[in-house]
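Here's the structure, in structure tokens; my notes come after.
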Amino acid sequence: MKRQIVSLLILTALFGSVLDVAAQRRKAASAPAAPKCSGAWTGTITYKRTQSASDNKTIQRVSGRGQDTRNWQMSYAYNANVTVVEAPERNGSSLGMATISHQMSSKERVDAVEKNSCDRGKTWRDMRGTSSSETSTSGQASGESANVGINLNSDGTYSVSVGLPQIKGKTSGSQSSSFSGQCTAKEGSNLSMPPTETTIEGNSLTSDGTTRINPDDPNKLAGSYSYTWQNVTETITWNLQKCGAPLRITDLKFADMKFPNWNDWQDIVPQKGTIDGNLVKIKATVLNASGETKFADLKFKETFKGDKWDGARPDGLLENGETSVRLDPGESREVEIVWDSSGYAWFDDGRPRYLQRIKAELYENDKKTDEKVENLKVAPKPLVLVHGLWSNWKAWETWQNILTSSHSYDWKAFPVGEKPEKGVMDTGGEFLSSAPTKTIHGNAVEVDRYVKYAQEDRNAWHVDIVAHSMGGLISREYIQAFMKPVEDGRPRVSHLVMLGTPNMGSPCADTMDIAFSITGTTPNAVRELKPDVVAEFNRVVTARKGVKFSVLAGNPLPTMCKKIEWNDGVVAVSSAHWVIKDKGISSSLHTDLTGTKDFTDFVRPHIAIGPKGDHNPDVPTGASSSMPNTKFYGAGAGPFFGSSPVFNDFQDIGKALKLAGQQTTEIELSLEARNDLGITIMADASVSIELIDPAGQVVGKNLANTPEARAWFRSIYLKTPVARGAWKLRVTNTSEVERPAYFAIWSNAR
């Protein structure tokens, strides 16, 4: 019995031990004990020191016959990136490992000149001497031990310090001299010093201790401190964390290229941001604060978290936004991708997007260990505005306000000619001017200059162009003849939007030719709009180079300048639309197409294209590239006064007159019977014209200060047969000042 009891106790003890061990294993498996945080700060600290000095002066020589001119420049740049890791003792202290680069250069040039004589004062000459010297010291080192300190104060402030060690470097230099004009020729010299090893002193800096700990996140410290004295500036920047994951993101920033220098990357200033269409380098600094090698995956995403309207939208991986990285113990490495920002100034529904939120996520073994989000401002591409005939940059004067209210002040308008030193077109200036103008090609040169100015001013690799009337032809010439490609493979001009451009010419240019033939001066800007001239232009100017073309045509009027077709008073719908696939219609007159209404209805929707929109160029439709020639014959000379032209041969006649203030004139027209009759008037809106038939009835009119009177080319057209007899034109100047008026009288409208 005793033996059985002892055996039972032994079995119970053994069995109980097994159960206890199993329970402990289950507990350990279900709730692993987290490693105790030692309180050490880990992360990154950067230190920069820059210094520059110069001395440029001229000193008169003691003899009073010459001078020495000295030009000296010195520059110094010291940069250190310090990885802050936990000390092996795990006692709460931190160690720094620094990567250091140093560059110092000094250049001096002395030019001496003195007037001396080689023949005891009979003649004098300049004797010159030049000496140059240059010294440079450079050095790089990695894995160097650095002292770091984080001092927390009882009032919630703290300071960060870094001390950097000496490193090895090399110094090299050169000297040269040359002489001329000496009585006895003197040879110069050229000496060079081969690279010689030297010691580069370390640097140190402590922040001023006024930075405060964030009470909502006391285990993270991030900030920057700069100190400037004389011509030296030192800056320390830190991003530190206590009790953080061994593998984490310590910094996220952006860079773009400085136009026009491809691959000249510069950090983006947050307040300034970048421009839609620029390539952006997204750079995340990843830290391995552990004592073992780590392998990680990094994902760059666009996120809408926190956005007022789109906060519920899921994050989206940026194109080519995933990469892998290997980090040695204590290593801090910058990982980057290049991102195309095209369309990111807008949402896909056309709303302005003021900020793009970029998130970097870090994964180890498919488990996210850290993430960081930063905002990037993306402004719309600069808008270059190209005016048309008889106009200047003030045609676009209100557009900056329009752009500001449509997006923000970061959407900038660049009307060609606003800053004449950057480029100014000459298309005739004032209405009805007959002064000489630049050609389309000559004006395209100015557009090229202005596009470059807009790019440099905004640091934009791509622009959009909106062109009115003849400005569209000038812009097409610029694209073919002057627009150079961008290294990213996309056109410099993303989009050309034309408003009332005579892409097949305008018969009104023939009408103008009739009128201007009276004075014998037809400006280039007028002649180049004639349909037969534009037909030749279209035969030669065919390249779009990937630029997307859009065009808006006005159609408020049914007739124009010997043509029966809906038009804007200057350009027919068919001429504006030409072979352009992306086209629209407006009820505006030609000169009103640059107004707010057509911007809102057509221009903005075609430019405000989001990331998923159509950024590809369109393809010509294949329609005819020229319109039927409309010729005018028999251009007359001399004023109407005292003459009664007879139209018995159906010839077209051009006439001109001047009206004094408040003057009314009746002009007699002796007409033979004809199928129709058209009169095109070019005059100020204060001039009224009435057509009176042989019975004394007013059968057509275009009155002053009406909407129709604001058109450049005002027409009266009778499409029914016209009887033989004495007709009259009654012309009235309703203003107080003298006004010119040009007329073209025609028939057989097409």
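So if I take the centroid of the Cα atoms in region 287-354 and the same for region 205-284, what is the distance between those two points in Å?
Taking the Cα centre of region 205-284 as reference, the centre of region 287-354 is 17 Å away.
Step through the residues of region 96-103 one at a time and calculate ³J(HN,Hα) from phi using the Karplus curve (6.51 cos²θ - 1.76 cosθ + 1.60, θ = phi - 60°), rounding each to whole Hz and writing x for Gly and Pro.
Here the 3J(HN,Hα) series is x, 10, 10, 10, 10, 10, 9, 8 Hz.
For a quick protection proxy, order the peptides 136-146, 63-73, 310-320, 541-551 by their average other-Cβ count within 10 Å, most packed first.
Averaged packing, sorted descending, gives the order 541-551, 136-146, 63-73, 310-320.
Given a Förster distance of 56 Å, report the FRET efficiency between Asn190 and Lys597 from their Cβ-Cβ distance, rounded to the nearest 0.05. Numbers along the way, then the final one.
Working: r = 71 Å, r/R0 = 1.27.
Step by step, r from the Cβ atoms, then E = 0.20.
Hey, quick one: spin label on Trp124, modelled 7 Å out along Cα-Cβ, who in region 34-66 has an amide N within reach, i.e. under 11 Å?
Within reach of a label on Trp124, which here means backbone N under 11 Å from a point 7 Å along Cα→Cβ, region 34-66 contributes 64-66.
Answer rounded, prolate or oblate for region 653-746, using the Cα gyration tensor with square roots of eigenvalues a ≥ b ≥ c: rounded when a/c is under 1.5, else prolate when a/b is larger than b/c, else oblate.
prolate
Under a Cβ-only charge scheme (Lys and Arg +1, Asp and Glu -1), can you give me the dipole magnitude of the chain about the Cα centre, in debye to the nearest 20?
1000
For Val463, what is the net charge nearby, where nearby means another residue's Cβ is under 9 Å from its Cβ and Lys, Arg count +1, Asp, Glu -1?
With Lys, Arg at +1 and Asp, Glu at -1, the neighbours total +2.
Within 13 Å, Cβ to Cβ, of Gly139, how many net charges do the neighbouring residues add up to if Lys/Arg are +1 and Asp/Glu are -1?
With Lys, Arg at +1 and Asp, Glu at -1, the neighbours total -1.
Based on the alpha-carbon gyration tensor of the chain and its eigenvalue square roots a ≥ b ≥ c, which shape applies: rounded if a/c is under 1.5, prolate if not and a/b is larger than b/c, or oblate?
In terms of gyration-tensor shape, oblate.
Just how far, in whole angstrom, is region 409-457 from region 694-736 if you go by their alpha carbon centroids?
The two parts, judged by their Cα centres, are 37 Å apart.
Apply the Karplus parameterisation 6.51 cos²θ - 1.76 cosθ + 1.60, with θ equal to phi minus 60°, to every residue of region 154-168 and state each ³J(HN,Hα) to the nearest whole Hz, in sequence, with x for glycine and proline.
5, 8, x, 9, 7, 10, 10, 10, 9, x, 10, x, 5, 9, 8
For the peptides 255-265, 187-197, 337-347, what is the packing order when you average, over each peptide's residues, the other Cβ atoms within 10 Å and list the highest mean first?
Details: 255-265: 14.8, 187-197: 10.2, 337-347: 20.8.
Averaged packing, sorted descending, gives the order 337-347, 255-265, 187-197.
Starting from the Cα of Lys719, step 7 Å along the direction of its Cβ; do the same at Val62; then give the gap between the two resulting points in nm.
10.0
Could you order peptides 212-220, 416-424 by the average number of other Cβ atoms within 10 Å of their residues, highest first?
Numbers: 212-220: 11.4, 416-424: 17.8.
For the peptides 212-220, 416-424, the packing ranking is 416-424, 212-220.
Kindly work out what percent of the DSSP beta bridges joining two residues of region 247-379 are antiparallel, to the nearest 5. Write out the running numbers ahead of the final one.
Numbers: 46 of 48 bridges.
Antiparallel bridges make up about 95 percent of those DSSP assigns within region 247-379.
Pop a pseudo-label 7 angstrom from the Cα along the beta-carbon direction at both Thr157 and Ser587 and give the gap in nm to one decimal.
Output for this residue pair reads 6.7 nm.
Could you let me know the centre-to-centre spacing of region 519-594 and region 115-129, using Cα atoms, in angstrom?
Cα centroid to Cα centroid, the span is 72 Å.
In nm, give the distance between the simple-model label positions of Glu536 and Thr439, each being 7 Å from the Cα along the Cα-to-Cβ direction.
That separation, rounded to one decimal, is 1.0 nm.
Please give the charge dipole size of region 383-607, origin at the Cα centre, charges +1 on K and R Cβ atoms and -1 on D and E Cβ atoms. Round to the nearest 20 debye.
Working: 24 positive and 25 negative charges, 95 e Å.
Here the size comes out at about 460 debye.
All other residues with a Cβ under 13 Å from the Cβ of Gly442 taken together, and with Lys, Arg as +1 and Asp, Glu as -1, what is their net charge?
Result for the neighbourhood of Gly442: -3.
Please name whichever of Ser406, Asn567, Ser138 sits farthest to the positive end of the charge dipole of the chain, dipole taken about the Cα centre and charges placed at Cβ: Lys and Arg +1, Asp and Glu -1.
Ser138
Where nothing but the Cβ of Lys and Arg (+1) and of Asp and Glu (-1) is charged, how large is the charge dipole of region 293-432 around its Cα centre, in debye to the nearest 20?
Roughly 320 debye for region 293-432.
Laboratory data are not the source of any read-out in this text; all were calculated from the coordinates shown. Worth saying up front: this structure is predicted, and the values here are computed from it rather than measured. With ideal geometry, Cβ positions are generated from the backbone for all residues, glycine too; neighbour counts draw on all protein chains shown.
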